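Worksheet for the structure shown next.
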């Protein structure tokens with residue numbers, strides 16, 4: 001199995017697992033944000049394509065938005081509007 005495919009499968013499984021546990025009440029509903037973050041993070045580091053229809057699912061370039069995404073993920077603070085701050 002190719003490593004990038006394995007990482008993609010792992011990110012989707014982790015995200016799906018977190019979302020399932022949230023829907024069953026085993027995790028706080030705010031943990032769904034972690035699921036989305038995990039999926040985006042794996043996508044941002046696991047692609048070779050230059051362009052993609054999905055945000056963060058392409059190579060990191062100066063204009064790709066990855067730098068802002070990673071910077072925002074490191075900011076302390078509450079989650080606002082269903083998105084990371």
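If r is the Cβ-Cβ distance from residue 2 to residue 70 and R0 is 25 Å, what FRET efficiency results, to the nearest 0.05? It comes to 0.55. Considering only 27, 63, 13, the mean-square fluctuation computed in a Gaussian network model of the chain, springs between alpha carbons under 10 angstrom, is largest for 63.
Over the Cα atoms of the range 3-74, the radius of gyration divided by the Kirkwood radius equals 1.03; this is the Rg/Rh ratio. The ranking of 10, 75 by Cβ neighbour count inside 10 Å, starting from the fewest, reads 75, 10.
In degrees, nearest 10, range 0 to 90: what is the angle between the Cα axis of helix 32-45 and the longest Cα principal axis of the chain? Between the helix axis and the principal axis of the chain, the angle is about 10 degrees. Modelled label positions at residue 51 and residue 63, each set 7 Å beyond Cα in the direction of Cβ, lie 1.1 nm from each other.
Per residue, the average separation of C-alpha pairs within less than 8 Å and at least 6 apart gives the chain a relative contact order of 20 percent.
With neighbour counts taken as other beta-carbon atoms within 10 Å, the residues 60, 18 rank, fewest first, as 60, 18. Against the chain, whose longest principal axis comes from its Cα atoms, helix 3-23 is set at around 20 degrees. Residues 74, 56 in ascending order of nearby Cβ atoms (within 10 Å, fewest first): 74, 56.
Each value in this text was obtained by applying a stated rule to the coordinates, not by laboratory testing. Bear in mind that the values here come from a model prediction, so they are computed numbers and not experimental data. All Cβ positions, even for glycine, are placed from backbone atoms using ideal geometry, and neighbour counts span all protein chains on display.
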